[in-house]
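All remarks here apply to the structure that follows.
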Amino acid sequence: MTNRHDGPIDLRSDTVTRPTPSMRRAMAEAEVGDDVFREDPTVRRLEEMAAARMGKEAALFVPTGTMGNQIAVNVWTRPGQEIILEERSHIFNYEMGTMAVFSGLLPRPLRGEDGVLTAEAIGRAIRPPVYYLTQTGLVAVENTHNMAGGTILPASEAEAIGALTRGRHLPTHLDGARLFNAAVALGRVPADLARPFDSVMFCLSKGLGAPVGSILAGPAPFIEEALRVRKRLGGGMRQAGVLAACGIVALEENVQRLAEDHARARRLAEAIAAIPGLAVDLARVQTNIVVFRVTGPGITAPEVVRRWKEEGVLALALDDTQIRAVTHYDVVGPGIRRACETLGRILEKKSAGPQAGAD
Ligand code: TLP
């Protein structure tokens, strides 16, 4: 068995997981009500549980991580302000400019080494309170950092950012889509990593394996306003308890097993590092994401991805030279071995000359 399901070994994202058998059972048995009236007991239970895990006063179940982030961005800011974020962050690159369209904000992207924004760099970018200057409205950081390769924001840096922004009376938001990966990798509880930030979003639908849903957590008045903004965005769901039930299972059963995904990502990265024509920075492989480079002449990342697909392995080409592979619940050890072997063969054929590579 290379997979928990039939079909290709799917390393495109940890979003592709399907509900586990206990999630299917929980869905069937979930007590439900109309959550727009706040009458769904399963949604409320998930929200309470999630708030406690994040060490925040309150939490809100939202359909997607993108919506959770954009609600936070909207609640914390006023139109015309700037938001400080990392250059490769999800909020800046993959949320369709919603910060501008919906909240009237300007991005202030900063480059962080390995995706890590430092308090020092943020401090330099915060605008002084001069009335004729554009004002900073929010600082948003990402942990783990997806496009930098699942890198972890060091807890000490998070604390330094919190201390800085509190001193400057600026709100902070943590895009913790994969915060549980960071917590498991560091052997910490997620609340420790969320503490320096005013609000946090995490996804139930990534490594934790739920089919749908994310959580936005923060102070009670913030979540009260977030509820209104969620409705404004069309995110008020009705008998959402069937989905929340999977989120509860995800939090109860799937957190510690993230360590297996991390071990598999490391195995994959080590195999990649040994293949001539590929390069990976092993120090950056800290959780379940492997971003590697195609260095061999005469073959591009999209071409490698195409040939890998023919061998039954799916991954994402990020550009002409970079590929992202993400480990998750549905791919098991033999699948990772197959992925390594087939990748080795593709690059070998390539270096054996154009004839061999062309078949
Ligand atoms: N990430 C997806 C893609 O959108 C890139 C993936 O496959 O990794 N924050 C971070 C850091 C994310 O990686 C993602 C999704 C989100 C937010 C948004 O979550 P969803 O997809 O639920 O809107």
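The values are calculated or read from the model by the stated rules, or taken from the named source; none is laboratory data. As the structure is a computational prediction, the values presented were derived from the model and not from experiment. Cβ sites come from the backbone with ideal geometry, for glycine too, and all protein chains shown count toward neighbours. All accessible areas refer to the heavy atoms of the entire protein, side chains included, with ligands and DNA or RNA removed. Shrake-Rupley method; radii C 1.70, N 1.55, O 1.52, S 1.80 Å.
Things to note:
- Matching residues in the range 67-88 - criterion: being in a loop (DSSP other than H, G, I, E, B), under 19 Å from the mean Cα position of the chain (by Cα) and closer than 19 Å to G218 by Cβ: none
- When L243 is tested against (1) under 27 Å from L153 (Cα atoms); (2) within 16 Å of the ligand (Cβ to nearest atom), only condition (1) is not met.
- Boolean, L117 is open to solvent by less than 10 Å² (accessible area, probe 1.4 Å) and not in a strand (DSSP E or B): yes
- Residues located in the range 207-218, provided they are near the ligand (Cβ under 9 Å from one of its atoms) and either open to solvent by less than 10 Å² (accessible area, probe 1.4 Å) or in contact with a Lys or Arg (Cβ under 6 Å, 6 or more places away or on another chain) (or both): G213, S214
- Extreme residue, farthest from M54 (Cα to Cα), among residues of the range 268-277 that are surrounded by fewer than 18 Cβ atoms within 10 Å (Cβ to Cβ) and among the small types (G, A, S): A274
- Residue in the range 194-202 that is open to solvent by 20 Å² or more (accessible area, probe 1.4 Å) and in a loop (DSSP other than H, G, I, E, B) present: yes
- Filter result for I336 (under 26 Å from L208 (Cβ atoms) and within 16 Å of the ligand (Cβ to nearest atom)): no
- A search for C-beta distances below 6 Å between a residue of the range 19-41 that is among the small types (G, A, S) and any residue that is open to solvent by 20 Å² or more (accessible area, probe 1.4 Å), counting only pairs 6+ apart in sequence or on different chains, returns A30/V242; G33/E39.
- Of the listed requirements (1) closer than 15 Å to G137 by Cα; (2) more than 20 Å from the chain's Cα centre (by Cα), V101 misses just one: (1).
- L233 open to solvent by 10 Å² or more (accessible area, probe 1.4 Å) and within 16 Å of the ligand (Cβ to nearest atom): yes
- Between A259, A265, the distinction of being touching a residue at least 60 places away in the same chain (Cβ under 8 Å), under 18 Å from the mean Cα position of the chain (by Cα) and surrounded by fewer than 19 Cβ atoms within 10 Å (Cβ to Cβ) belongs to A259 only.
Here is a yes/no grid of residues against (1) assigned to a loop (DSSP other than H, G, I, E, B); (2) away from the ligand (no atom under 13 Å from the Cβ); (3) open to solvent by 20 Å² or more (accessible area, probe 1.4 Å):
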residue: G137; (1), (2), (3): no, yes, no
residue: A140; (1), (2), (3): no, no, no
residue: M147; (1), (2), (3): yes, no, yes
residue: L153; (1), (2), (3): yes, no, no
residue: A158; (1), (2), (3): no, yes, no
residue: I161; (1), (2), (3): no, yes, no
residue: L164; (1), (2), (3): no, yes, yes
residue: H169; (1), (2), (3): yes, yes, yes
residue: H173; (1), (2), (3): no, no, no
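- Residue match in the range 116-134 (condition: within 28 Å of N288 (Cα to Cα), within 18 Å of the chain's Cα centre (by Cα) and at pLDDT 95 or above): yes
- Unmet criterion (only one of (1) within 29 Å of L208 (Cβ to Cβ); (2) out of contact with any Cys (no Cβ under 7 Å at 6 or more places or on another chain); (3) touching a residue at least 24 places away in the same chain (Cβ under 8 Å); (4) crowded, with 20+ Cβ neighbours inside 10 Å) for V280: (3)
- Scanning the range 90-114 for residues that are away from the ligand (no atom under 16 Å from the Cβ), over 15 Å from W76 (Cβ atoms) and either assigned to a loop (DSSP other than H, G, I, E, B) or not assigned by TED's automatic domain parsing to the domain that holds E142 (or both) gives a single hit, R111.
- The lone exception for V290 - which of (1) under 23 Å from H262 (Cβ atoms); (2) in contact with a Leu (Cβ under 8 Å, 6 or more places away or on another chain); (3) at pLDDT below 95 it fails: (3)
- Positions within the range 54-89 being away from the ligand (no atom under 16 Å from the Cβ), open to solvent by 40 Å² or more (accessible area, probe 1.4 Å) and in contact with a helix residue (DSSP H, G or I) (Cβ under 9 Å, 6 or more places away or on another chain), in sequence order: G55, E57, W76
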